[in-house]
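Each reported figure results from applying straightforward, stated rules to the coordinates on display, with no laboratory input. Just so it is clear, the structure is predicted and the values come from calculations on it, not from any experiment. Neighbour counts are summed over all protein chains in view; Cβ atoms, including those assigned to glycine, are modelled from backbone coordinates with ideal geometry.
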Amino acid sequence: MSARRYALLAALAIFIAFVAANVTSSSWFRSWRLDLTENQLYSLSRGTQQTLDELSEPVELTLYYSRDAAAPLPQLTAYGARVREMLQTFAARSHGRVRFVEIDVEAFSEEEDAAVEAGIEPVRPFEGADPIYFGLTGANAIDDQRVIPLFDPQREAFLEYEITRLIFELEHPDRTNVALITSMPIDPAAAADPQTALGQSLFATEMGRLLDVTTLDASFTEIPADTDVLAIIHPGALSERQLYAIDQFVLRRGRAFIALDPAAMRGAQTSFDPFNPVAPIPTASTLEPLMARWGVAMTPSVVLDGENALRVQVQDPTTGGVGEALQPLFFTVPAEALDREDLMTAWLRRGINFGLAGGLSWSEREGVQVLPLARTSGETMRLPAAQALARPSPYDIASIWPPAGGRIETIALRLTGDLETAFPDGAPAASPPAQVEGVEAPPAPVAEEADPVEHLARSATPAQIVVVADVDFLEDDFYVDPQSGGAAADNASFALNAIDVLGGSDALVSLRSRAPSLRRMELVDDMEADAERRIRTRQEELQLELRETEARLAELQERGRGSGFFSGNLGAEMTPEENAEIESFRERVVAVRGELRRAERDLRGDIDRLQALIVFVNIWLAPLLIAAVGIFLFWRRQRRGRARS
């Protein structure tokens, strides 16, 4: 066989092997990924992988996206590619359980009708523009459907969670079951019915609309077996049997949202009514000895925050007039002081308002992790609960505010890990519930047979508990605009987000927000910041020189050597000294402006050189290196050939 024919056959064999390898890898190794990005943008979290592995039936995800309408918007186009790649990763990792379909939606088309029918919300970037559809629907084998109406680029950090949550809800279509223990007038079931919703808070209304809530009777001794999340919001006095039921639920199921308060304003406003013999709301609530066993403690005093205090109407003790003043008893935890990675708080943008809140602390426990969710500023002090309930005025508080000190206080936290029971000896003996003065004692509990449920000494499921040291934050007065009726802060959103996240699977609860795909060019940012700093410095120097020039002109006027022009006599002719001073300043202005222009040109030049370097590295460096290696190998082969000859 000639060398030429051999070379052709070898080339053909290599080509066939290359095609076969691509076909084989695309069919056999579709789920394989090598993610070399710094933030692992193309890798799924362990919780998402577990959710996909637990799918019992196939799921179809349909992305509705208006490519042509979104093309003029680079940021939206880039995010569209990010969403598409994420969905492709879901499908590849699911081993055939997730099927991904994309529909290009154009105006006045059948695809647009399908998008509207599916619940996708159109947006128009400007008046007269074509609508942009950018949302996702999911369907399972029995035609249950879920929808994400709109993908917002501002929520990119939660993209993986939103898609995983949609898939989880298709696998578990039932709403989250919540068992509620409270002494507050919160009745989500009544709030969900428009005929009985009068007097219910916005939080109670939304809770009843989004969740299946069962309010436990004051004499409960067990938590319903089908409960997904236990919500404890300012409970009254609890018996040992009730505390034991809570203890065992936390160890067995592990999900609880707990809001306690050292000084509940609603409790201070209620008293015993003989014509309505219902236990009054307590002014303070606790969950001991459970909290102590978990390593968490709430201060019996009230935390005040001076830096983030809310404004209230108050009478000025000096003038007697009514005006606004900052009241540190009521404060906001701004969005930047919330945990920006935890999904319970990461997407809250309006902050959370608290009132007469306590402070939370914790001690180290093996296998237990505590994560602060909401924290105050460092300008704080504590006030005894009884004194805080008396509602001292901002002026009274200012008179006792310490001149120094203060510390950052934790108002809400998330506790995760394996816990130990607060009842190591097992279930306590049945005892009559605590009697409230003025209220007829309920009948003693009937003796029951031994509880068939096994006593747990340690968590069977890792606990996921949210603890908030305030209950007044759920009152409408703290976050609802009285004029519009809408939420002005994220109080209810935080509580509902927490319960919603806790209601997911262990895999879903473990998810956290992700880093955005669009990374800042830190070197360019540093260069721009340095140039801006130099420009600002020169501008400040110029302003200083202007003030010095004005001062010298005023001095000439005072010494009688001025024309009076700068004293208001605009018809006066300026003196030679004044003309020389102004001319000197004008020359200085021209020189400084030249320096500023040079600084801007230098910045532009530095950025252009950096861009040229990046282009060279990304486009030319690899080919040049390959060419250099080829030339080297060719030279080496030629040299060896000459050596043999």
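One table, with the values for the structure above:
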| quantity | calculated |
| --- | --- |
| Long-range HN-HN contacts of Val59 with modeled amide H, under 5 Å | Val98, Arg99 |
| Highest to lowest packing among 208-219, 238-249, scored as the average C-beta count within 10 Å | 238-249, 208-219 |
| Least to most buried among Met207, Met291 (fewest other Cβ within 10 Å first) | Met291, Met207 |
| Alpha carbon convex hull of the stretch 206-323, projected area averaged over orientations, nm² | 11.9 nm² |
| Ascending count of other beta-carbon atoms within 10 Å, so fewest first, for Phe473, Phe151 | Phe151, Phe473 |
| For the stretch 32-171, projected area of the alpha-carbon convex hull averaged over all directions, nm² | 8.7 nm² |
| Kirkwood Rh in Å, taken over the stretch 70-122 so that all alpha-carbon pairs contribute | 12.8 Å |
| Fewest-first ranking of Tyr161, Tyr395, Tyr64, using other Cβ atoms within 10 Å as the exposure measure | Tyr395, Tyr161, Tyr64 |
| Projected-area average for the stretch 320-386 over all orientations - Cα convex hull basis, square nanometres | 7.2 nm² |
| Two-site label geometry, Gln145 and Glu110: point separation in nm, points 7 Å out along Cα→Cβ | 1.6 nm |
